[in-house]
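Enquirer: What follows is a structure written as structure tokens; I'll ask about it next.
The values are calculated or read from the model by the stated rules, or taken from the named source; none is laboratory data. Since the structure is predicted, the reported quantities are computational estimates derived from the model, not experimental observations. Ideal geometry is used to build each Cβ from the backbone, glycine not excepted, and the neighbour counts take in all protein chains shown.
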Amino acid sequence: MKIAVLGGGNMGGAIAAGAIAAAVVKDTDVSISHAREALTKRLENINAHPLITKDNTEAVKGADIIFVAVKPWLAEGVLREIAPLIDPTSQCIASVVAGVPFSTLASYFETPPAMYRVIPNTAVSLSQSATFISKKNTSALQDQMIESIFIPLGETFMVKEEQMTAVTALASCGIAYILKYIDAATAGGVELGVERSEAQKIVMQTVRGALALLDTNGTTPQQEIDKVTTPGGITLKGLEEMQRSGFAAAVINGLLASK
């Protein structure tokens with residue numbers, strides 16, 4: 001399998017470097033256009049030597065999967081540039097550009113190739129992404145190839161295109177919302193008299209522990225909450241105050257606003 005990554009920034013770079021580090025593809029079977037310095041250093045750290053170029057048309061030659069990982073306002077120009085060179089019988093396009101539907105992607109090609117929409121989140125750089133993939137006119141082999149790239153980079157979910165907005169709110173925007181909770185809980189720790197750096201460490205480990213309980217026990221959040229709340233206890237008092245302050249409603253409204 002050969003892949004091309006058009007756009008060697010944070011997301012494109014994480015895909016390229018992650019796939020090479022996980023040995024999903026050989027470094028010599030990867031081409032990257034417009035790689036940033038941070039990516040080239042990361043590639044050096046894993047002793048990888050993919051083709052790095054500033055020419056998108058050179059990068060796509062011979063690639064089985066072509067990732068378009070550029071900013072949304074650059075996507076049209078890149079797609080129009082490479083469209084005449086794409087062989088729809090053997091190459092597929094994987095767009096990592098949020099908000100660009102299959103209908104728009106297809107419009108740039110005389111004969112549309114197999115297409116994917118791929119939405120990782122920023123934790124892909126640490127192989128902890130929640131990655132969502134939608135597909136159109138793809139083969140089973142192509143599906144297997146693209147999944148093999150993202151499985152080592154976290155959790156992968158195949159979804160229908162109409163679900164993309166919702167799952168992006170949950171996972172891509174959701175990273176910021178979870179970090180906001182950690183920030184607020186840290187500030188609360190300071191109010192309680194804990195030094196800020198220590199409070200953040202405590203909150204981070206508490207979040208890890210909560211996730212481990214759900215993963216290990218296969219339970220729901222409410223089931224685990226029930227285990228640590230007793231009538232009149234301090235945990236229940238805290239939860240009731242959060243509810244009165246609109247905690248759950250704020251989270252749900254924030255997600256709805258992200259669509």
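Enquirer: Inside segment 7-74, counting only helices (runs of 4 or more DSSP H) that do not spill past its ends, which hold 2 or more residues that are on the phi < 0 side of the Ramachandran plot, of a type in the set (Lys, Arg) and without any contact (Cβ under 8 Å) to a residue 40 or more places away in the chain?
Expert: Details: elements: 10-21, 37-45, 56-59.
Qualifying helices (runs of 4 or more DSSP H): 37-45.
Enquirer: Determine which single condition Asp215 fails, assuming it passes every other condition in (1) under 15 Å from Tyr181 (Cβ atoms); (2) loosely packed, with under 11 Cβ neighbours inside 10 Å.
Expert: (1)
Enquirer: Right, next: For segment 181-212, give me each residue that is assigned to a loop (DSSP other than H, G, I, E, B) and surrounded by 12 or more Cβ atoms within 10 Å (Cβ to Cβ). Working first, answer last.
Expert: Start the filter on segment 181-212 by keeping residues that are assigned to a loop (DSSP other than H, G, I, E, B), which leaves 192-195.
Val194 - this is the single residue of segment 181-212 that is assigned to a loop (DSSP other than H, G, I, E, B) and surrounded by 12 or more Cβ atoms within 10 Å (Cβ to Cβ).
Enquirer: Also, I was wondering about something else. Considering only residues that are farther than 17 Å from Asp64 by Cβ and in a loop (DSSP other than H, G, I, E, B), look in segment 112-122 and name the one that is modelled with the highest pLDDT. Before the answer, list the steps.
Expert: Taking segment 112-122 first, the residues farther than 17 Å from Asp64 by Cβ are 117, 119-122.
Still in the running and in a loop (DSSP other than H, G, I, E, B): 120-121.
Working: Pro120: 91, Asn121: 88.
Here the answer is Pro120.
Enquirer: Next question. Among what's in segment 107-139 and is under 23 Å from Asn10 (Cβ atoms) and among the polar types (S, T, N, Q), pick the residue that is farthest from the chain's Cα centre (by Cα). I'd like the intermediate steps shown before the answer.
Expert: Taking segment 107-139 first, the residues under 23 Å from Asn10 (Cβ atoms) are 115-134.
Retained after the next criterion (residues that are among the polar types (S, T, N, Q)): 121-122, 125, 127-129, 131, 134.
Details: Asn121: 2, Thr122: 5, Ser125: 9, Ser127: 10, Gln128: 8, Ser129: 5, Thr131: 5, Ser134: 13 Å.
Result: Ser134.
Enquirer: Taking Gln205 as the residue in question, decide whether it is of a type in the set (S, T, N, Q), more than 26 Å from Val159 (Cβ to Cβ) and out of contact with any helix residue (DSSP H, G or I) (no Cβ under 9 Å at 6 or more places or on another chain).
Expert: The answer is yes for Gln205.
Enquirer: Also: Would a scan of segment 46-57 turn up a residue that is surrounded by fewer than 21 Cβ atoms within 10 Å (Cβ to Cβ) and within 21 Å of the chain's Cα centre (by Cα)? Steps first, please.
Expert: Initial filter on segment 46-57 (surrounded by fewer than 21 Cβ atoms within 10 Å (Cβ to Cβ)): 46-49, 51-55, 57.
Subsequent filtering for residues that are within 21 Å of the chain's Cα centre (by Cα) retains none.
Scanning segment 46-57, I find no residue that is surrounded by fewer than 21 Cβ atoms within 10 Å (Cβ to Cβ) and within 21 Å of the chain's Cα centre (by Cα), so the answer is no.
Enquirer: Go through segment 75-106 and give me each residue that's under 18 Å from the mean Cα position of the chain (by Cα), assigned to a loop (DSSP other than H, G, I, E, B) and free of Cβ contacts under 8 Å to residues at least 60 places away in the same chain.
Expert: The answer is Val97, Gly99, Val100.
Enquirer: OK, next. Collect the residues in segment 58-73 that are aromatic (Phe, Trp, Tyr) and either over 19 Å from the mean Cα position of the chain (by Cα) or not assigned by TED's automatic domain parsing to the domain that holds Gln144 (or both), keeping them in residue-number order. I'd like the intermediate steps shown before the answer.
Expert: Applying the first criterion (aromatic (Phe, Trp, Tyr)) to segment 58-73 yields 67, 73.
Matches in segment 58-73: Trp73 only.
Enquirer: So how many residues does segment 87-113 have that are surrounded by fewer than 21 Cβ atoms within 10 Å (Cβ to Cβ) and not small (Gly, Ala, Ser)? Steps first, please.
Expert: Narrowing segment 87-113 to residues surrounded by fewer than 21 Cβ atoms within 10 Å (Cβ to Cβ): 87-90, 98-104, 106-112.
Checking the rest, the ones that are also not small (Gly, Ala, Ser) come to 87-89, 100-102, 104, 108-112.
Looking only at that region, the number is 12.
Enquirer: Against the definition (under 13 Å from the mean Cα position of the chain (by Cα), farther than 22 Å from Ser127 by Cβ, part of a helix (DSSP H, G or I) and among the aliphatic types (A, V, I, L, M)), how does Ala169 come out, yes or no?
Expert: Numbers: under 13 Å from the mean Cα position of the chain (by Cα): yes; farther than 22 Å from Ser127 by Cβ: yes; part of a helix (DSSP H, G or I): yes; among the aliphatic types (A, V, I, L, M): yes.
Yes: the conditions hold for Ala169.
Enquirer: Could you list, in sequence order, the residues of segment 120-172 that are surrounded by fewer than 16 Cβ atoms within 10 Å (Cβ to Cβ), within 26 Å of Leu39 (Cβ to Cβ) and hydrophobic (A, V, I, L, M, F, W, C)?
Expert: If the condition is that a residue be surrounded by fewer than 16 Cβ atoms within 10 Å (Cβ to Cβ), within 26 Å of Leu39 (Cβ to Cβ) and hydrophobic (A, V, I, L, M, F, W, C), then Leu126, Ile151, Phe157 are the ones that fit.
Enquirer: Can you tell me which residues in segment 1-45 are among the β-branched types (Val, Ile, Thr) and surrounded by fewer than 23 Cβ atoms within 10 Å (Cβ to Cβ)? Quick ask: steps written out before the conclusion?
Expert: Restricting attention to segment 1-45, the residues satisfying the condition of being among the β-branched types (Val, Ile, Thr) are 3, 5, 15, 20, 24-25, 28, 30, 32, 40.
Across segment 1-45, the qualifying residues are Val24, Val25, Thr28, Thr40.
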